[in-house]
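Chemist: Next up is a structure, given as structure tokens.
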Amino acid sequence: MGRRRYAGRELACYRARKWSTWRRLIYTLGSPLSPLVRLYRTMRDIHRRARLRLLPGTFFTLAAFLIIDGMEEMVGYATKQAERATRIISDWEFHHERFIHEKDRALLTDVVELITTRKP
């Protein structure tokens, strides 16, 4: 979730890089509406295309992620400072092994060992 959070901020900074102060202000103030619009569009598309029902809890998880993303976009529009967000995302992408929990790392090591020592 952390990466997604920073991606929202980075996206907003990228969008607003050449905008006027007034346009950035309008988008900053309008950002709280973004999760509602995106949730509506997502639910509409799911219903139209897939005719699926969401699993219990999926709606609330999706809504929570969209709210967090919208808040970070608001910060990005307001500050236009993407350097930290870009650095964090890049660090995760290129050094994601540092972010793996110890239990998951041990499990991953066991799986890799099992695969590499398996005889054909």
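Chemist: May I ask you to verify whether residue 27 is of a type outside the set (Val, Ile, Thr), surrounded by fewer than 17 Cβ atoms within 10 Å (Cβ to Cβ) and at pLDDT 80 or above?
Modeler: Values: of a type outside the set (Val, Ile, Thr): yes; surrounded by fewer than 17 Cβ atoms within 10 Å (Cβ to Cβ): no; at pLDDT 80 or above: yes.
Spelling it out, it is not the case that residue 27 is of a type outside the set (Val, Ile, Thr), surrounded by fewer than 17 Cβ atoms within 10 Å (Cβ to Cβ) and at pLDDT 80 or above.
Chemist: Next up: In the range 6-25, what residues are among the aromatic types (Phe, Trp, Tyr) and farther than 17 Å from residue 91 by Cα? Write out each step before concluding.
Modeler: Start the filter on the range 6-25 by keeping residues that are among the aromatic types (Phe, Trp, Tyr), which leaves 6, 14, 19, 22.
Across the range 6-25, the qualifying residues are 14, 19, 22.
Chemist: Mind checking which residues of the range 34-82 are more than 13 Å from residue 9 (Cα to Cα) and in contact with a Gly (Cβ under 9 Å, 6 or more places away or on another chain)? Explain how you work it out, then say what you get.
Modeler: Taking the range 34-82 and keeping what is more than 13 Å from residue 9 (Cα to Cα), we get 34-65.
Of everything in the range 34-82, those that are more than 13 Å from residue 9 (Cα to Cα) and in contact with a Gly (Cβ under 9 Å, 6 or more places away or on another chain) turn out to be 34, 35, 36, 38.
Chemist: Examine the range 34-44 for a residue that is part of a helix (DSSP H, G or I), of a type in the set (Gly, Ala, Ser) and in contact (Cβ under 8 Å) with a residue 12 or more places away in the chain, and state whether such a residue exists.
Modeler: Taking the range 34-44 and keeping what is part of a helix (DSSP H, G or I), we get 34-44.
So of that shortlist, the ones also of a type in the set (Gly, Ala, Ser) come out as 34.
Filter once more, keeping what is in contact (Cβ under 8 Å) with a residue 12 or more places away in the chain: 34.
Within the range 34-44, one or more residues are part of a helix (DSSP H, G or I), of a type in the set (Gly, Ala, Ser) and in contact (Cβ under 8 Å) with a residue 12 or more places away in the chain.
Chemist: Residue 11 fails exactly one of the following numbered conditions: (1) under 28 Å from residue 100 (Cβ atoms); (2) at pLDDT 85 or above. What is the number of that condition?
Modeler: (2)
Chemist: Would you tally the residues in the range 87-120 being assigned to a helix (DSSP H, G or I), without any contact (Cβ under 8 Å) to a residue 24 or more places away in the chain and closer than 30 Å to residue 7 by Cα?
Modeler: Here is the first cut: in the range 87-120, the residues assigned to a helix (DSSP H, G or I) are 87-94, 96-99, 102-117.
Then drop every residue that is not without any contact (Cβ under 8 Å) to a residue 24 or more places away in the chain, which leaves 87, 90-91, 93-94, 96-99, 102-117.
Still in the running and closer than 30 Å to residue 7 by Cα: 87, 90-91, 93-94, 96-99, 102-109.
Of the residues in that region, 17 qualify.
Chemist: For the range 45-54, indicate whether the set of residues that are assigned to a helix (DSSP H, G or I), of a type outside the set (Phe, Trp, Tyr) and either touching a helix residue (DSSP H, G or I) at 6+ places or on another chain (Cβ under 8 Å) or surrounded by 12 or more Cβ atoms within 10 Å (Cβ to Cβ) (or both) is non-empty.
Modeler: Yes, the range 45-54 has at least one match.
Chemist: Still on this structure, please answer the following. Which residue, of 12, 82, 7, is surrounded by 12 or more Cβ atoms within 10 Å (Cβ to Cβ), among the hydrophobic types (A, V, I, L, M, F, W, C), touching a Cys at 6+ places or on another chain (Cβ under 6 Å) and touching a residue at least 60 places away in the same chain (Cβ under 8 Å)?
Modeler: On the way: 12 fails: touching a Cys at 6+ places or on another chain (Cβ under 6 Å); 7 fails: touching a Cys at 6+ places or on another chain (Cβ under 6 Å).
Sole residue among the options that is surrounded by 12 or more Cβ atoms within 10 Å (Cβ to Cβ), among the hydrophobic types (A, V, I, L, M, F, W, C), touching a Cys at 6+ places or on another chain (Cβ under 6 Å) and touching a residue at least 60 places away in the same chain (Cβ under 8 Å): 82.
The values are calculated or read from the model by the stated rules, or taken from the named source; none is laboratory data. Source: prediction; values computed, not measured. Positions of Cβ are backbone-derived with ideal geometry, glycine not excepted, and every protein chain shown enters the neighbour counts.
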